[in-house]
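This report refers to the structure that appears directly beneath it.
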Amino acid sequence: MMTNNDIAEIFKQIASALELLEANRFRINGYQRVSRVLKDLTEDIAGLVAEHPGSAVKQLTAIDGIGKGSAEKIVELVANGKMAEHQELMAQVPAGLFDILAIPGIGPKAATLMWKDLGIISVAELKEKLDSPELARLPRMGAKTIENIKKAIAFQEKAADRVPLGIARPIALRLQEELRQVPGVKRLEYAGSLRRGRETIGDLDFLAACDDPEAVRERFTSHPDVTQVLARGDTKSSVRLETGGAVLQADLRIVPEEVYGAALMYFTGSKEHNVRLREIAIKQNRRLNEYGLFDGTDERPQDRGDRPIAAADEAAIYAALGLPLIAPELREDRGELEGEPARLIELADIRAELHAHTIASDGKMTIDELAACALRHGYHTLAVTDHSKSSVIANGLDEERLLAHIEAVREANARIDDLEILAGAEVDILPDGRLDYDDEILARLDVVVASPHASLGQDPKTATERLLRAIRHPLVHILGHPTGRIINRREGLSPDMNALFAAAVEHDTALEVNANWRRLDLRDSHLRHALEAGCRIAIDTDTHREEQMDFLIYGILTARRAGLTAASCINTWPAEELHAWLKSKR
DNA sequence: GCCGTTTTCGGCCCGACTGTTTTCAGTCG
């Protein structure tokens, strides 16, 4: 069965092959857009084609970015497992060239030259020839360029994956704070995919407005964590840095304060969202760039002394375009420019933590320490949810220990004011969908979070049945980290998410957004679809140690990317409402 | 390749920086 990602990957390969064959730039863009749109799509394309073989092309062309040609190719691919155009291109372009194209600094022109003139068709071959005179004889291939390619390959070998949000954000906050200390800095903040709250970050983007650009530039490019300076221009600098176990690229853009908003929009992206906005501007006979929104469509109006209609702040620019302010997390060209945006959930809306561990299983805090932590966060409710007996590695509780633990929680609740401490458990969903405690035990718990921990390589059908059984269980409140994925490490389960969402609505079971940055599960795209289906959502940190309760921000960012409002999130409800809902399952 | 309140042709976002050039191509975001 072909997943959306598989299909998207095929279109991406077509685009790359066409780049190497020097095809029309806009045709390449077209394929790239199809690839991106497919990746973002929430419904399963293979399923859609299977269910509506006659109307699949029509349904696919209804999606923005997919035309008749691509729709037919998708149907061909799903039906036959292969696509003629793709296969023809793959026969023309050696597969290893895609890896060469992926090296930062090497584009289609350089890769094609190396291939056609020198027969280089893999990164290994390129590395062998880096010091050969024949490479240096290629046009535009001087000593510095070759040196940069060497460094880029070394960088890529170190920085194998995009950096998880939970690693990148603390680094960015630290760097942001350091750069703000430079005298004369008026404004300085991170933008880019980090500001949009993506689950992984490609590079860090900083924007500054200041009195002394050279001082900020100097602090940035000579920072002790910087391993290489890639660019150092008047308004833009770019570096590679190694810090906190991460290897990243970081860019700094310095602009006049009066155009800070326009630059922030530009630098926050996404690229695709920006393109949409610029297209809207053109339709209004205007021009939008990082220096502002201008009347007329002249090139570089900022250099002609034109005064922008709006430039200083984001809201004014959106307003001038006739648009509401779009939250950074939504700026992905996924339809955010249509309709009225809702007020998205915020960190301060959260009033309860419903998934947390103590020393009874694999946590580091006692019940009292956990409660103190919840009180510091201003919560009205805390659920203590230690692991169940099958999670042996996590020191899961058997029935006897669990009953004693429930007593300890009840005792703490009686002793501690201003916080309702609930007795719960994170109960393993066994591979066949049964739960790890019997109903008599589950009924004694105030909160049951049911989560998959083992057998995470199951086939989709088995996984769907397994999770459906847990969702339908009358004593389960929350489905914890539904897929069990670990970002950059483990795919996790690939169940039919639509089936899960429908069952969750029917049985009034909440779905968790696990805020631990290694999980973020549900992920943003799944959550978006869950909300369309009408699911209730829980955002919990799965806290094992004190500082992990601050992981909540990662769950909030992920939830905002899906358009979650406070009302749909049970952790925001007043105590009485939340407790009544929990009791409705008892 | 995609798209359409200039709709089936003719457009398609906009700018910064480097290195290799003698005025700009290639790459990136």
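The values are calculated or read from the model by the stated rules, or taken from the named source; none is laboratory data. Note that the structure is predicted; figures quoted are calculated from it, not measured. Glycine gets a Cβ as well: all are built from the backbone with ideal geometry, and neighbour counts include every protein chain shown.
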Filter result (of a type in the set (A, V, I, L, M, F, W, C) and either outside any helix (DSSP H, G or I) or within 14 Å of DNA strand B (Cβ to nearest atom) (or both)) within the stretch A:103-118 = A:Ile103, A:Ile106, A:Ala110, A:Ala111, A:Leu113, A:Met114, A:Trp115
Among the candidates A:Ile121, A:Ile100, A:Ile153, residue that is more than 13 Å from DNA strand B (Cβ to nearest atom), in contact with a helix residue (DSSP H, G or I) (Cβ under 7 Å, 6 or more places away or on another chain) and either not in a loop (DSSP other than H, G, I, E, B) or not polar (S, T, N, Q) (or both) | A:Ile121
Can you name every residue in the stretch A:60-75 that is assigned to a helix (DSSP H, G or I), touching a helix residue (DSSP H, G or I) at 6+ places or on another chain (Cβ under 7 Å), over 23 Å from A:Leu527 (Cα atoms) and not basic (Lys, Arg)?
-> A:Thr61, A:Ser70, A:Ala71, A:Glu72, A:Ile74, A:Val75
Considering A:Leu531, A:Leu511, A:Leu500, which residue is farther than 18 Å from A:Thr565 by Cα and either in a loop (DSSP other than H, G, I, E, B) or at pLDDT 95 or above (or both)?
-> A:Leu500
Members of the stretch A:8-33 that are among the β-branched types (Val, Ile, Thr) and either at pLDDT 95 or above or touching a His at 6+ places or on another chain (Cβ under 6 Å) (or both) = A:Ile10, A:Ile14
Of the candidates A:Gly305, A:Gly363, the one satisfying the condition of being small (Gly, Ala, Ser) and either touching a Cys at 6+ places or on another chain (Cβ under 8 Å) or more than 16 Å from DNA strand B (Cβ to nearest atom) (or both) is A:Gly363
Please report, ordered by residue number, the strands (runs of 3 or more DSSP E) entirely within the stretch A:181-287 with at least 2 residues that are charged (D, E, K, R), surrounded by fewer than 22 Cβ atoms within 10 Å (Cβ to Cβ) and within 10 Å of DNA strand B (Cβ to nearest atom).
-> A:246-254
Do we have any residue at all in the stretch A:398-416 that's part of a loop (DSSP other than H, G, I, E, B), without any contact (Cβ under 8 Å) to a residue 40 or more places away in the chain and in the same structural domain as A:Leu479 (by TED's automatic domain parsing)?
-> yes
Pairs, please: C-beta under 6 Å, at least 6 apart or cross-chain, first residue touching a residue at least 12 places away in the same chain (Cβ under 8 Å) and in the stretch A:202-217, second surrounded by fewer than 23 Cβ atoms within 10 Å (Cβ to Cβ) and assigned to a loop (DSSP other than H, G, I, E, B)?
-> A:Gly202/A:Arg162; A:Asp205/A:Ala191; A:Leu207/A:Ala191; A:Cys210/A:Gly184; A:Asp211/A:Gly184; A:Asp212/A:Gly184; A:Ala215/A:Val182; A:Val216/A:Val182
